[in-house]
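Okay, so here's the structure we're looking at.
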Amino acid sequence: MRTYWRQRNDLVRAAGAHIQRMQKVLTQMNIQLANVLSDVSGMTGQAIIKAVLAGQHDPHKLARLVYRMLRYGMKYADRGAAFYEVEHQRLQIKHLKWKAAKLGYQIVQAPSA
């Protein structure tokens, strides 16, 4: 039984450390979420973190999201893994096109057969 309690304490301690790291990274991104929410690991905090991970960096939109969720108890609608994968691929292609242009290459459409 003592082993289970030690394991649980270790997991709780590790979870707390991860939450602190998330708060530190958000602070470095100039997102002071801990000043607005009492619990960053709660439903609203996780929704804001999901929005940031999805590419939402506009402070006004994030503030509206926080306000709506706190005021009306709305839930964050996750767009799904497929949306995030397509968005990630779109950003990769955009970045690779930029790198190719910087190196002097031009990407053209392949001729149709």
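How much length is gained on full extension from H57 to L103, taking 0.36 nm per residue of separation minus their Cα-Cα distance?
Numbers: separation 46, 0.36 × 46 = 16.56 nm, distance 2.89 nm.
Length gained, H57 through L103: 13.7 nm.
Quick one: of K50/K102; K24/K99; K61/K94, which pairs are farther than 27 Å apart, Cα to Cα?
The answer is K50/K102; K24/K99.
Give me the percent relative contact order of the chain, please, defined on Cα pairs under 8 angstrom at least 6 residues apart.
In percent, rounded to a whole number, it is 13.
No value in this document is a laboratory result; all are computed from the given coordinates. Computed from a predicted structure; not experimentally measured.
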